[in-house]
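The values are calculated or read from the model by the stated rules, or taken from the named source; none is laboratory data. In this text the structure is predicted, and so the values were computed from the model without any measurement. Here the Cβ positions follow ideal geometry from the backbone for every residue, glycine too, while neighbour counts run over all protein chains shown.
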Amino acid sequence: MRASGESVCYVDLTKGKCWREEMPPEAISPYLGGSGFGWALVAKHLLPKVDPFAPENVVTINPGVLVGTRTLGSSKITAITKFPTIASEDEKFYVGSCTGGGRYFGIGLKQAGCDHLVILGQAEKPVTIHVTNAGASIEDASQFWGKGIEETSIELVRRFGDDTGVLAIGTAGENQVRSALAIVDRTNSLGRGGLGAILGSKRVKAIAAHGTGGISVAEPTAFNGLSNELLERAAGWPRREHWIKLGLAAGWSTFKHTQNPGIWRKERWDGLYGEEKRLETLNRVIACASCPLSCRLRWVIPDGEFAGEPGLGSPYSKSATSGQLLNVEDDRKMIHLVTEANSLTGIDYYTTARLIDFVTRMFEQGRLTKSDTSGFELRRDYPTYKELFRMTAAREGFGDVLADGWMRLKKEFGLDPQEYWYAGICKGMDFIYDARPSKFHPLMMTFFTRPRPHHGGTHTRTNSRNKTIEEIREQVEHWGLPKGTVERIFTETPYSGKFNVGRYTRYAEDLMRVKNALGLCTIYTYQALMFADEMARLYNAATGDDLSTGELVLHGERVSNLAKIINVREGFTRADDKPPEVWFRPMDAPEGRLEMRDYYDTKVLTENDVSKILDDYYDERGWNPKTGIPCHEKLLELELHEYAPEQVK
Amino acid sequence: MIKTTTGRLIVWVDRCRGCRSCQLACSFTRLGEFNPSRSCITLDRDLETERTAPMIKPLCCDLCEGEPACVDACKYGVIEFQPASERLIDVRM
């Protein structure tokens, strides 16, 4: 068991009250702490079937257990809420998590002694939440409402000091645009699925956090020794020089294949949005706390219509993929839209760009007309895209439809999201990657097993193309699994190829829950710079616990199951765990026809193949393969039976 | 290594990425806990650009007896240490 408990700061916006509760180690330990315990708080406080925008919805914000220490990539905070994305035709909403990094906000919460921030109720007027050593307080934010993220964040740091971390929403969040994000410390997005809209519904414009408390670890010498070893390993990574020059854009050599919409020839895309082009706008690369790689960017558009405009965040895959989808050759124009999303509106750039791609094509084909769009002509040109971004953030005219997302298009105009041609949609959420150019690997699977753990996905070695089976297996050997389990994962099947994606995904998800709980960036396990057994050693040295790697992953399994049963009580079943239809339609790229194939490119996967892979996933989880719901025995084994929904009892 | 309380810390401010590792290492070495507020290093933060630069408090920093923790902690080469007969903090762009 851990040596110490965690502190929960409550903010009840309806009653205007704030208080702090200390949770003992025995309450925290089964969930590891951080977002693991954040899920337990959601299970306790969130009643089933409440509307996401109702005061009864709950938000928990959880810096990772290791946030505020100096170890490899320990900057992540995870927010958990019922997201407002309409997830099904019968209007179910999923309870999920989102994870992001930063430099000040997570440390600010921890130094203020706030391991969890729980936001309840709804304020009458706009507020900010201020977290300090004294706890949380609610303050008037009338002067910030209607202002952008950048302006709000800068003003709050000026007011409270340079060490202040700020999470802020923009105008899209205020307007409850269902996909709206929050932005942390101006550089990190948090909340794909609509955290910004939920905070907007609660009238929380921003959360500012700073404190002066120290963050101690149970075994300082062991913790520091292992951290130094890991940091040195990352500093010596052969690709590091390239990475710290380009930030996340250093991944272009992989992403130009895996995120390719297949409209332009690859050489053309490379020339318009590739590494060399990126350097023209790159001003500086910024790191999250305790990160020796750094992937956030500051950019300045050098010339053209938006000459001199600076921005912060990560514009690269957003602008590149959307540029190709929307046929905008000028990267500066797409980067401008990212700048507005990150600094002003907080709109979800991926979702909005794809929605715009869809409706402008539908307009071209006559399936939407001016009578549907309040007279607005949805042309396939940049001025229209720019205006639609603005209208969506403002919920103005046809933008109000886009602000409600894919399911409203279906309900109102009969435009089925399953018709969309890139990446796909499941549970009302569009994907960043497409399984046809990417191949069907575990990350693809987590898109439809949602509620998945977050941070851009469940990244493991398999996200990159062409890893050998030995490289993939080497990573799995560190997961602390029984030999028989490893053999099951690496038993070749006719439907999944050399390794079993369904069985692998179960453990990859559980491990991702652990990373979320600890606050570790997934880039390090993705690049084989940190392994699960080292995460167990870090956790033990930090908390005084004594978990084996297998036990650590088992705790991740507990969190995965808790997240699942919270969603079961919302009505989700196997019928919702449905891969998008577009994956089974060929993509006719200029280089040739692309179909969804297994990781090692040996065969085209059919719907029946993916169904069998999903059967294996449920089997490995101990869930009922017919319903996709955890079995009673599994919940007993994980000591989660007190949360068992009616469907399980 | 000979322990020393003199030496030159050279701070290349333009190399700073804002990861705060120097602050965390400094407080951990001196106090046994991670606490940027009690570190001998403050991070100067330009709010327009989010550019950061470590500022070493000369009256607080004792050069960790000749093995400054911040030097090892920073993987971006922002802080360098050179032996010298006096204590100096040399800020360079």
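Odds and ends about this structure:
- Conditions (1) within 11 Å of the chain's Cα centre (by Cα); (2) within 30 Å of A:Thr339 (Cβ to Cβ); (3) surrounded by 17 or more Cβ atoms within 10 Å (Cβ to Cβ); (4) not hydroxyl-bearing (Ser, Thr, Tyr): number failed by B:Val13: (3)
- Candidates A:Lys17, A:Lys44, A:Lys76: the one that is crowded, with 24+ Cβ neighbours inside 10 Å and either among the charged types (D, E, K, R) or in contact with a His (Cβ under 6 Å, 6 or more places away or on another chain) (or both) is A:Lys76.
- Among the residues of the stretch A:565-612, the ones that are within 21 Å of A:Pro261 (Cβ to Cβ) and of a type in the set (Ser, Thr, Tyr) come to 1 in all.
- Which numbered condition A:Asn224 fails, given (1) within 30 Å of A:Ala112 (Cα to Cα); (2) more than 8 Å from chain B (Cβ to nearest Cβ); (3) surrounded by 14 or more Cβ atoms within 10 Å (Cβ to Cβ): (2)
- Pairs linking a residue in the stretch A:121-145 that is within 14 Å of A:Leu199 (Cβ to Cβ) to a residue that is among the acidic types (Asp, Glu), with Cβ atoms under 6 Å and 6 or more positions apart or on different chains, are A:Gly121/A:Asp12; A:Thr128/A:Glu139.
- When B:Cys61 is tested against (1) within 14 Å of chain A (Cβ to nearest Cβ); (2) crowded, with 18+ Cβ neighbours inside 10 Å; (3) touching a strand residue (DSSP E or B) at 6+ places or on another chain (Cβ under 8 Å), just one condition goes unmet, and that condition is (1).
- All helices (runs of 4 or more DSSP H) inside the stretch A:132-242 with 2 or more residues being in the same structural domain as A:Leu66 (by TED's automatic domain parsing) and among the β-branched types (Val, Ile, Thr): A:149-160
- Any hit, the stretch A:247-265, residues being within 26 Å of the chain's Cα centre (by Cα) and under 17 Å from B:Gly18 (Cα atoms): yes
- Within the stretch A:426-440, one or more residues are outside the structural domain of A:Tyr539 (by TED's automatic domain parsing), hydroxyl-bearing (Ser, Thr, Tyr), under 24 Å from A:Ser88 (Cβ atoms) and in contact (Cβ under 8 Å) with a residue 12 or more places away in the chain.
- Residue match in the stretch B:69-80 (condition: within 14 Å of chain A (Cβ to nearest Cβ), among the hydroxyl-bearing types (Ser, Thr, Tyr), touching a helix residue (DSSP H, G or I) at 6+ places or on another chain (Cβ under 6 Å) and not in a loop (DSSP other than H, G, I, E, B)): no
- Only listed residue being surrounded by 24 or more Cβ atoms within 10 Å (Cβ to Cβ) and polar (S, T, N, Q), chosen from A:Thr71, A:Thr132: A:Thr71
- Selected residue (criterion: farthest from the chain's Cα centre (by Cα)) from residues of the stretch A:99-117 that are surrounded by 24 or more Cβ atoms within 10 Å (Cβ to Cβ), away from every other protein chain (no Cβ under 11 Å) and not in a helix (DSSP H, G or I): A:Cys114
- Residue satisfying all of: in the stretch B:28-54; within 26 Å of A:Gly113 (Cβ to Cβ) and in contact (Cβ under 8 Å) with a residue 40 or more places away in the chain; farthest from the other protein chains (Cβ to nearest Cβ) among these: B:Pro54
- If you go through the stretch A:182-194 and keep only what is of a type in the set (Ser, Thr, Tyr) and either closer than 16 Å to A:Lys147 by Cα or away from chain B (no Cβ under 14 Å) (or both), you end up with just A:Ser189.
- Matching entry among A:Val204, A:Val184 (being of a type in the set (A, V, I, L, M, F, W, C), closer than 30 Å to A:Gln527 by Cα and surrounded by 24 or more Cβ atoms within 10 Å (Cβ to Cβ)): A:Val184
- Filtered by the rule that a residue be within 14 Å of chain B (Cβ to nearest Cβ), part of a loop (DSSP other than H, G, I, E, B), out of contact with any Ser or Thr (no Cβ under 7 Å at 6 or more places or on another chain) and not hydrophobic (A, V, I, L, M, F, W, C), the stretch A:262-303 gives A:Pro292, A:Ser294.
- Inter-residue pairs, beta-carbon under 8 Å, first in contact (Cβ under 8 Å) with a residue 40 or more places away in the chain and in the stretch A:542-553, second small (Gly, Ala, Ser) and in a helix (DSSP H, G or I), 6+ apart: A:Asp545/A:Ser29; A:Ser548/A:Ala536; A:Thr549/A:Ala532; A:Thr549/A:Ala536; A:Glu551/A:Ala536; A:Leu552/A:Ala532; A:Leu552/A:Ala536; A:Val553/A:Ala532
- Where strands (runs of 3 or more DSSP E) sit wholly within the stretch A:1-88, those with at least 2 residues that are under 20 Å from A:Gly200 (Cβ atoms) and more than 18 Å from the chain's Cα centre (by Cα) occupy A:6-12.
- Selected residue (only one of A:Ser216, A:Ser179 is closer than 18 Å to B:Leu24 by Cα and either free of Cβ contacts under 8 Å to residues at least 12 places away in the same chain or more than 14 Å from chain B (Cβ to nearest Cβ) (or both)): A:Ser216
- The set of residues from the stretch A:227-250 being within 12 Å of another protein chain (Cβ to nearest Cβ) and not charged (D, E, K, R) comprises A:Ser227, A:Asn228, A:Leu230, A:Leu231, A:Ala234, A:Ala235, A:Gly236, A:Trp237, A:Trp243, A:Ile244, A:Gly247.
- Residues that are outside any helix (DSSP H, G or I) and either within 23 Å of A:Ile183 (Cβ to Cβ) or at pLDDT 95 or above (or both) within the stretch A:243-261 comprise A:Gln259, A:Pro261, listed in sequence order.
Let's see how each residue does on (1) surrounded by fewer than 18 Cβ atoms within 10 Å (Cβ to Cβ); (2) part of a helix (DSSP H, G or I); (3) in contact with a Pro (Cβ under 8 Å, 6 or more places away or on another chain):
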| site | (1), (2), (3) |
| --- | --- |
| A:Pro383 | yes, yes, no |
| A:Leu388 | no, yes, no |
| A:Leu402 | no, yes, no |
| A:Leu409 | no, yes, yes |
| A:Tyr422 | no, no, yes |
| A:Arg450 | no, no, no |
| A:Thr462 | no, yes, yes |
| A:Arg465 | yes, no, no |
| A:Ile472 | no, yes, no |
